[in-house]
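**Q** Shown below is the structure under consideration.
The values are calculated or read from the model by the stated rules, or taken from the named source; none is laboratory data. Remember, predicted model here, so these are calculated numbers, not experimental data. Quick reminder, even Gly has a Cβ in these numbers, built from the backbone with ideal geometry, and neighbours come from all protein chains shown. Protein only, heavy atoms only, side chains kept; ligands, DNA and RNA dropped before computing areas. Shrake-Rupley method; radii C 1.70, N 1.55, O 1.52, S 1.80 Å.
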Amino acid sequence: MVKIFIDPGHGGDDAGAEGNGLVEKDLVLTISLEMQSILNRYQGVEVQLSREDDRAVGLSERAQMANDWEADYFISVHVNAGGGSGFESYVHPNRFEETEDKRETMHRVIVNTLDVTDRGEKEADFAVLRETEMSAILTENLFVDNDEEAEKLSNPSFLTEIAQAHVDGLVDIFDLEEVEGNDQEDDVLYIVQVGAFENEENAKRLAEELEAQGYETHIRRETRS
Ligand SMILES: [Zn+2]
């Protein structure tokens with residue numbers, strides 16, 4: 001079982017980057033929740049988030065949560081500001097070699113998928129990278145204060161693309177496979193029928209009995225074929 005810890009940056013009083021009406025803490029939460037739901041389609045993978053709503057979580061607390069859970073990989077998701085464009089990724093200067101390998105894959109897949117400016121593979125002494133005991137990466141996904149990129153980030157389907165790009169990287173790194181038959185399962189409904197009557201009153205009587213027992217009922221009129 002591969003354990004992926006996703007860390008949506010900021011939250012609560014800490015809004016993160018802001019620009020063009022966009023707020024980092026909200027964007028990264030959307031991306032992270034989307035990553036979680038996409039990863040649910042894969043087998044052999046467990047996901048935990050540092051926050052699933054808009055709340056403040058300390059940096060050390062985020063790392064500690066991942067350490068306690070014994071995550072295999074830590075991904076901190078951010079969006080950028082400060083004048084610029086594109087995608088960049090960070091690992092800690094004292095990283096393990098496997099952290100660098102994983103980062104190279106994530107970075108390459110994300111830049112290629114999103115087709116954005118590559119700002120480079122960087123390193124920084126960020127607390128979440130320093131205090132996590134497993135391989136860790138921090139991604140900075142486009143700039144909220146860049147008009148063109150803000151327009152992209154305003155589009156929910158682009159946020160899904162960012163999430164999908166991160167998952168594609170993880171699929172590559174951990175050889176994740178989709179749950180079999182998953183595509184069909186989503187569209188299938190199993191309906192339980194309890195009676196078919198020639199007399200409408202009898203149908204209504206049964207429906208009332210079932211409703212009295214707390215079931216939701218529907219009477220459907222059909223012509224005998
Ligand atoms: Zn941030």
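**Q** Can you tell me which residue in the stretch 21-70 is farthest from the ligand (Cβ to nearest atom), limited to those that are crowded, with 19+ Cβ neighbours inside 10 Å and over 19 Å from I4 (Cβ atoms)?
**A** It comes out as L22.
**Q** Could you count how many residues in the stretch 128-150 are under 20 Å from A17 (Cα atoms) and more than 22 Å from the chain's Cα centre (by Cα)?
**A** The total comes to 4.
**Q** When the stretch 198-213 is examined, which residues are found to be assigned to a loop (DSSP other than H, G, I, E, B) and open to solvent by 100 Å² or more (accessible area, probe 1.4 Å)?
**A** Answer for the stretch 198-213, where residues must be assigned to a loop (DSSP other than H, G, I, E, B) and open to solvent by 100 Å² or more (accessible area, probe 1.4 Å): E198, Q213.
**Q** For the stretch 88-132, give me each residue that is closer than 22 Å to F174 by Cα and aromatic (F, W, Y).
**A** Answer for the stretch 88-132, where residues must be closer than 22 Å to F174 by Cα and aromatic (F, W, Y): Y90, F96.
**Q** Does E216 qualify as being assigned to a strand (DSSP E or B) and open to solvent by 30 Å² or more (accessible area, probe 1.4 Å)?
**A** So E216 does not fit the description; no.
**Q** Are any of the residues in the stretch 113-123 within 19 Å of Q36 (Cβ to Cβ) and touching a Pro at 6+ places or on another chain (Cβ under 6 Å)?
**A** Checking the stretch 113-123: not a single residue is within 19 Å of Q36 (Cβ to Cβ) and touching a Pro at 6+ places or on another chain (Cβ under 6 Å).
**Q** Here's a follow-up. Failed condition for L189, given (1) farther than 19 Å from L39 by Cα; (2) not in a loop (DSSP other than H, G, I, E, B), with all others met?
**A** L189 satisfies every listed condition except (2).
**Q** Taking the condition of being within 16 Å of the ligand (Cβ to nearest atom) and either outside any helix (DSSP H, G or I) or surrounded by fewer than 23 Cβ atoms within 10 Å (Cβ to Cβ) (or both), how many residues in the stretch 142-158 meet it?
**A** The qualifying residues number 6.
**Q** So which of F5, F87, F74 ends up being of a type in the set (F, W, Y), touching a residue at least 60 places away in the same chain (Cβ under 8 Å) and within 16 Å of the ligand (Cβ to nearest atom)?
**A** F74
**Q** Moving on to the next point. I need every pair where a residue in the stretch 10-27 that is in a helix (DSSP H, G or I) has its Cβ under 9 Å from the Cβ of a residue that is more than 12 Å from the ligand (Cβ to nearest atom) and open to solvent by 40 Å² or more (accessible area, probe 1.4 Å), sequence separation at least 6 or different chains.
**A** K25/D54; D26/D54
**Q** What number goes with the only condition from (1) polar (S, T, N, Q); (2) over 24 Å from K25 (Cβ atoms); (3) open to solvent by less than 30 Å² (accessible area, probe 1.4 Å) that T139 does not pass?
**A** (2)
**Q** While we're here: Can you tell me which condition T113 does not meet? The list is (1) farther than 19 Å from L176 by Cβ; (2) open to solvent by 30 Å² or more (accessible area, probe 1.4 Å); (3) assigned to a helix (DSSP H, G or I); (4) more than 16 Å from the ligand (Cβ to nearest atom), and all the others hold.
**A** With respect to (1) farther than 19 Å from L176 by Cβ; (2) open to solvent by 30 Å² or more (accessible area, probe 1.4 Å); (3) assigned to a helix (DSSP H, G or I); (4) more than 16 Å from the ligand (Cβ to nearest atom), T113 is out only on (1).
**Q** Residues that are open to solvent by 20 Å² or more (accessible area, probe 1.4 Å) and over 19 Å from the mean Cα position of the chain (by Cα): does the stretch 166-181 have at least one?
**A** So far as the stretch 166-181 goes, yes, one or more of its residues are open to solvent by 20 Å² or more (accessible area, probe 1.4 Å) and over 19 Å from the mean Cα position of the chain (by Cα).
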